[in-house]
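Novice: The following block contains the structure, expressed as structure tokens.
The values are calculated or read from the model by the stated rules, or taken from the named source; none is laboratory data. None of these values were measured; they are calculated from a predicted model. Note that we place each Cβ from the backbone using ideal geometry, even for glycine, and neighbour counts take in every protein chain shown. Heads up: the accessible areas ignore ligands, DNA and RNA and are worked out on the full protein's heavy atoms, side chains in. Shrake-Rupley method; radii C 1.70, N 1.55, O 1.52, S 1.80 Å.
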Amino acid sequence: SVIGDDANGQQLKMHSQQMGLDILDSLFLKNQATSVHLAIMDEHNDMALGLSAMSIFNQFSLAFIKKKQAILQKAICIVLDTNMPKAILDEVASKYTHKKLFLDAVAGSKALRAKDTLPFLYLLKVNRLEAEILSDIKINTPNDIYRIANYFLKKGVKNLCITLGSEG
């Protein structure tokens with residue numbers, strides 16, 4: 001992950017340490033704001049608006065990932081999300097095919113970054129919009145969800161989680 005030296009980054013480091021979560025191999029950047037996401041929920045507890053600041057991920061480089069090769073080789077699984085640059089997603093997916101790769105598409109606008117990683121994924125987590133964008137299949141009926149699931153399974157995704165907001 002990528003963590004800035006702002007108040008959010010300091011809080012993240014402190015909370016992680018208190019939980020026993022080792023984040024020491026993350027990329028820590030000076031004079032940078034840690035990524036943040038604000039979700040505004042509607043009366044049904046569905047996200048009505050999401051605001052995010054993820055520009056710190058533009059500093060996440062292939063060179064950094066390559067320095068962490070020994071750690072990634074020892075990992076039981078590797079968790080990715082589409083805030084990461086496509087080059088990193090592609091590199092990790094193609095180089096660590098023997099690992100369980102988990103990917104969260106995180107946003108419709110970033111979902112297509114994951115297209116080339118689909119054959120390598122142990123688990124893909126998408127919401128309705130992300131699933132529609134990645135599969136090019138619109139969800140209009142319950143049967144369409146099965147069509148999308150079959151699309152992802154045929155692409156090589158081993159496990160799939162599609163969230164449908166208030167519909168499940």
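Novice: When you count, for each residue, the other Cβ atoms within 10 Å and take the mean per peptide, how do 2-13, 41-52 rank with the highest first?
Specialist: 2-13, 41-52
Novice: Something else: Please sort 27-34, 69-76, 130-137 by packing, taking for each peptide the average over its residues of neighbouring beta carbons within 10 angstrom, highest first.
Specialist: The most tightly packed comes first, giving 130-137, 27-34, 69-76.
Novice: In whole percent, how big is the carbon plus sulfur part of the accessible area of the chain, probe 1.4 Å, protein atoms only?
Specialist: Accessible surface attributable to carbon and sulfur in the chain totals 55 percent.
Novice: Counting only heavy atoms of the protein chains, get the accessible area per residue of region 69-168 (1.4 Å probe) and round it to a whole Å² value.
Specialist: So region 69-168 comes to 53 Å² accessible per residue, rounded to a whole number.
Novice: Take PHE64, PHE152, PHE120 and sort them by solvent-accessible surface of the protein heavy atoms, 1.4 Å probe, largest at the top.
Specialist: Descending accessible area places them as PHE120, PHE64, PHE152.
Novice: At 0.36 nm per residue, and after removing the present C-alpha to C-alpha distance, how many nm does the segment from MET14 to TYR122 gain when stretched out fully?
Specialist: Between MET14 and TYR122, full extension yields 35.8 nm more.
Novice: In addition: Could you give me the ³J(HN,Hα) list for region 85-97, computed from phi with Karplus coefficients 6.51, -1.76, 1.60 and θ = phi - 60°, whole Hz, x at Gly and Pro?
Specialist: 3J(HN,Hα) across region 85-97, in whole Hz: x, 4, 4, 6, 4, 5, 5, 5, 4, 7, 8, 10, 5.
Novice: Take the residue pairs LYS13/LYS66; LYS30/LYS154; LYS66/LYS115; LYS74/LYS125; LYS68/LYS138; LYS67/LYS138 and return only those whose Cα atoms are more than 32 Å apart.
Specialist: Over 32 Å Cα-Cα: LYS30/LYS154; LYS68/LYS138; LYS67/LYS138.
Novice: Right, here's the next one. Could you work out the Kirkwood radius for the chain, taking every pair of different alpha carbons, averaging 1/r and inverting it, reported in Å?
Specialist: 17.3 Å
Novice: What is the spin-label model distance, in nm, from LEU49 to LEU112 if the labels are put 7 Å beyond Cα along the C-beta direction?
Specialist: 2.6 nm
Novice: Moving on to the next point. Taking only C-alpha pairs under 8 Å that are 6+ residues apart, what is the relative contact order of the chain in percent? The partial results should precede the final answer.
Specialist: Working: 252 pairs, mean separation 26.0, N = 168.
This gives 15 percent for the chain.
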